[in-house]
Amino acid sequence: MKDILLGTETWSFLPEVLLRCFISFIVVLLALRLTGKKGVRQLTVFELVIILTLGSAAGDMGFYSDVGILPAVLTIISIIIFYRAITYLLLKSDKIEKLIEGEPVIIIKNGRYTEEVVKNENISFDEFFMELRLAGIEHLGQVKYAILEVNGGVSVFKRSKNDIKPGLHILPDKVKKCYTTQYPRDGLYACVCCGYTESKLQGPVDTCNSCGKVKWSEASDAGWI
Ligand SMILES: [Zn+2]
């Protein structure tokens, strides 16, 4: 039982943990200030790696009695120096920036998925649709461009009122329903794989004219409220 609670430490180590945590908290706080970042609402993958590495060094300093304060603080200072150096290189070179931070990807162009997206199976559409809904989008026909940014955010450029075309519904209850055998009623349907949208009559489904897949979902031509 003692091992579960204390590991190889003794009770007298606990006050030291408090002191170690206080020091690591102050050091990490100062380190984060030194990164020059104003907020952390959206992090790029590179920034996330820095934060995780900082956290790991700070945690070890907090509760490992055999980890000295100075090596841990030096680790944290080194991470911040690397961060600043790489940030400087990112500003200087587009190639390094693409390598480390990735590139923004255009996901939707004129109400349809771009070719790049139709081929790429690594994009999480649940999350992407959530971002579109947060931007007030009901169906893809309302979107001129949607761009997945390197920090995971989505930039949305909406179509003007007179330019809205029918498109794939992205409200949660519509997204879940896919038709692969029958269209349940006459109406607008969109291909789930590419966003191609057409009016269909009730009956057996057909293959998508644009991508050749057979998976349809409800579409909408709703305008702006
Ligand atoms: Zn299609």
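The values are calculated or read from the model by the stated rules, or taken from the named source; none is laboratory data. All values reported here derive from a predicted model rather than from experimental measurement. With ideal geometry, Cβ positions are generated from the backbone for all residues, glycine too; neighbour counts draw on all protein chains shown.
Numerical summary
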| quantity | calculated |
| --- | --- |
| Unique match (being under 30 Å from Glu101 (Cβ atoms) and β-branched (Val, Ile, Thr)) among Val150, Val214, Val205 | Val150 |
| Tally of residues being surrounded by 15 or more Cβ atoms within 10 Å (Cβ to Cβ), in a loop (DSSP other than H, G, I, E, B) and β-branched (Val, Ile, Thr) across segment 32-67 | 3 |
| Qualifying position, being of a type in the set (Val, Ile, Thr), surrounded by 12 or more Cβ atoms within 10 Å (Cβ to Cβ), within 23 Å of Thr207 (Cα to Cα) and under 23 Å from the mean Cα position of the chain (by Cα), among Val154, Val175, Val150 | Val175 |
| Tally of residues being more than 13 Å from the ligand (Cβ to nearest atom) and either on the phi > 0 side of the Ramachandran plot or part of a loop (DSSP other than H, G, I, E, B) (or both) across segment 106-120 | 2 |
| Condition met for Ile96 (surrounded by fewer than 18 Cβ atoms within 10 Å (Cβ to Cβ), assigned by TED's automatic domain parsing to the domain that holds Thr44 and either closer than 15 Å to Trp216 by Cα or modelled with pLDDT under 95 (or both)) | yes |
| Test: residue in segment 139-160 that is assigned to a helix (DSSP H, G or I), without any contact (Cβ under 8 Å) to a residue 40 or more places away in the chain and in the same structural domain as Cys211 (by TED's automatic domain parsing) | no |
| Selection within segment 14-31 - surrounded by 15 or more Cβ atoms within 10 Å (Cβ to Cβ) and not hydroxyl-bearing (Ser, Thr, Tyr) | Arg20, Cys21, Ile23, Val27, Val28, Ala31 |
| Test: Ile164 is modelled with pLDDT of 90 or more and in contact with a helix residue (DSSP H, G or I) (Cβ under 6 Å, 6 or more places away or on another chain) | yes |
| Qualifying residue in segment 137-147 (condition: among the basic types (Lys, Arg) and modelled with pLDDT of 90 or more) | yes |
| Residue in segment 215-225 that is nearest to Leu168 (Cα to Cα), counting only those that are buried (at least 17 other Cβ atoms within 10 Å of the Cβ) and within 16 Å of the ligand (Cβ to nearest atom) | Ala219 |
| Filter pass, Leu90 being modelled with pLDDT under 90 and either in contact with a helix residue (DSSP H, G or I) (Cβ under 7 Å, 6 or more places away or on another chain) or surrounded by fewer than 16 Cβ atoms within 10 Å (Cβ to Cβ) (or both) | yes |
| Qualifying positions in segment 168-213 - more than 9 Å from the ligand (Cβ to nearest atom) and β-branched (Val, Ile, Thr) | Ile170, Val175, Thr180, Thr181, Thr197, Val205 |
